[in-house]
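Written out below as structure tokens is the structure these notes cover.
The values are calculated or read from the model by the stated rules, or taken from the named source; none is laboratory data. Everything quoted here is computed from the prediction, not taken from an experiment. For neighbour counting, all protein chains shown are included, and Cβ atoms are generated from backbone atoms with ideal geometry for every residue, glycine included.
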């Protein structure tokens, strides 16, 4: 899978999941996490595990840092 396509899929579906979670009165973070679980290699395998461990490892680290920051801001 192309790296740019994978990042685009992650951004669009993550944003959509956040909006959907907000509509049903959940925090956006819940939508991000649910979409991440759905797209993971262990469930739907939309993004292959080789791509996540290799080329997307920096994006994964940054994203987890942002999610942790957002959760910390809610406490």
Can you confirm whether region 40-62 contains a residue that is touching a helix residue (DSSP H, G or I) at 6+ places or on another chain (Cβ under 7 Å), surrounded by fewer than 15 Cβ atoms within 10 Å (Cβ to Cβ), modelled with pLDDT of 85 or more and assigned to a helix (DSSP H, G or I)? no
For residues that are surrounded by fewer than 17 Cβ atoms within 10 Å (Cβ to Cβ) and touching a residue at least 12 places away in the same chain (Cβ under 8 Å), scanning just region 1-27, find the one that is nearest to residue 71 (Cα to Cα). 27
Selection from region 18-39 of residues that are in contact with a helix residue (DSSP H, G or I) (Cβ under 7 Å, 6 or more places away or on another chain) and more than 20 Å from residue 8 (Cβ to Cβ): 21, 22, 27, 29, 30
The lone exception for residue 34 - which of (1) assigned to a loop (DSSP other than H, G, I, E, B); (2) surrounded by 15 or more Cβ atoms within 10 Å (Cβ to Cβ) it fails: (1)
